[in-house]
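The values are calculated or read from the model by the stated rules, or taken from the named source; none is laboratory data. Everything quoted here is computed from the prediction, not taken from an experiment. Cβ atoms come from the backbone with ideal geometry, glycine included; neighbour counts cover every protein chain shown. Quick note on the areas: whole protein, heavy atoms, side chains included, nothing else; ligands and nucleic acids left out. Shrake-Rupley method; radii C 1.70, N 1.55, O 1.52, S 1.80 Å.
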Amino acid sequence: MRSTSMSIGAVTALAASLLAAGTAAAATQPQPVELPHLTSNPADGGGVRAVNDAGEAGGTARTADGAVHAVRWDASGRITDLGTAYGSAWSSVWGMNNAGVAVGAHDGGGHQNPTRWAPDGTPSDLPLPAGAVGGQALAVNNSGVIVGWTKVGADDHALRWDPNGTVTDLTAAAGATRADAFGINDAGVIVGSAEDGKAEFGDAVRWNLDGTVTSLGTLQGNGKGYATPSGINAAGTVVGQSNGADGHSHAVAWTADGKITQLAALGDPHADSRATAVNDAGVIVGTGQAADFYQVGARWNTDGTVTDLRFLPGRAGSAAYDVNSAGLIGGDCNAVPTKWIG
């Protein structure tokens, strides 16, 4: 594991000062800030997939030999290469909690392997149920509970890993033959998708604390269409995407009592969009099509309006993947790792 500081002093100082001051969750225009790379060439690519309340970020970056490595950026912008566990060729971070625990995957044995990185960067493979092979860890809450998926035969199975190492297959509880878990809040409520083998697409579901599983429904209702949740906050608000009667996928939010709402469009109301994360204040981020037809990161504000996050100079598109409690957003601008501040 190695740590590298890149020459973006003024930019990272601005990022740190704005983060310390806090950021507004309403309709100010966030500014994109390019994060350091593992090489001197921004074209080598990478992206942020998680941000925590300390202003740290996790994601991927390319090395000089073109390999994709899991990385962590601290709040000042310094990048740390988390390496590739056990001699594997690639690794990636998908989630991070406030303690700096990161989760994701690395390759090996011909498949992905769900992985946890301790705050000091030490990697460990997560245990799998009997008969399971590979998978990904996608989210971790502040209690250290991790969710993701594995393969059992040809089917995905949703998993929960407790801090003591216990792994639980959530698939049967959802009455499903295949399932994936994508998000978890600090109370331990989990969201994902499940399929009984009869439907063409999976059903959006919530695994509740009492052991029950709730179907979240779709924009079309009456069992029509599909929906995929991606995140959940402390209030139980769930975000994701669902296809509408127009045949396009739209960013949506579900209230804790199950009401689904299509989120505002940046431009064409029939263009595809998706929501990827929601913070505890109710600020939602994701991706949509802007009025000028660029695919861009989007922020849905608590008043229901939507903000086009735009992109870095020289880029032509962006995507937002996570937002912390201060409103700091992480994502990428055409494979350039980016935070939006403001």
- Being open to solvent by less than 10 Å² (accessible area, probe 1.4 Å) and more than 13 Å from His250 (Cα to Cα) narrows Gly297, Gly314, Gly342, Gly304 down to just Gly297
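How about segment 108-129: which of its residues are assigned to a loop (DSSP other than H, G, I, E, B), out of contact with any Pro (no Cβ under 6 Å at 6 or more places or on another chain) and under 17 Å from Val152 (Cα atoms)? Write out each step before concluding.
Taking segment 108-129 and keeping what is assigned to a loop (DSSP other than H, G, I, E, B), we get 109-110, 118-122, 126-129.
From what's left, out of contact with any Pro (no Cβ under 6 Å at 6 or more places or on another chain): 109-110, 118-122, 127-129.
Across segment 108-129, the qualifying residues are Gly109, Gly110, Pro127, Leu128, Pro129.
Looking at segment 191-212, can you tell me whether even one residue there is over 23 Å from Asn279 (Cβ atoms), open to solvent by 60 Å² or more (accessible area, probe 1.4 Å) and in a strand (DSSP E or B)?
No: zero hits.
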- If we keep just the residues of segment 220-256 that are under 21 Å from Gly95 (Cα atoms) and polar (S, T, N, Q), which is least open to solvent (accessible area, probe 1.4 Å)? Asn233
- Query: Can you spot a residue in segment 257-266 that is in contact with a strand residue (DSSP E or B) (Cβ under 6 Å, 6 or more places away or on another chain), of a type in the set (D, E, K, R) and open to solvent by 30 Å² or more (accessible area, probe 1.4 Å)?
  - Reply: no
- Message: Out of everything in segment 70-96 that is surrounded by fewer than 24 Cβ atoms within 10 Å (Cβ to Cβ) and without any contact (Cβ under 8 Å) to a residue 40 or more places away in the chain, what residue ends up being nearest to Phe182 (Cα to Cα)?
- Response: Trp90
- Item | When residues of segment 165-190 are limited to those that are more than 17 Å from the chain's Cα centre (by Cα), among the polar types (S, T, N, Q) and modelled with pLDDT of 95 or more, the one least open to solvent (accessible area, probe 1.4 Å) | Thr171
- Query: What pairs can you find where one residue is in segment 27-38 and of a type in the set (Asp, Glu), the other is surrounded by fewer than 20 Cβ atoms within 10 Å (Cβ to Cβ) and part of a loop (DSSP other than H, G, I, E, B), and their Cβ atoms are less than 8 Å apart, with a gap of 6+ or different chains?
  - Reply: Glu34/Ile8; Glu34/Leu312
- Message: Please go through segment 260-295 and give me each residue that is over 27 Å from Asn141 (Cα atoms) and β-branched (Val, Ile, Thr), ordered by number.
- Response: none
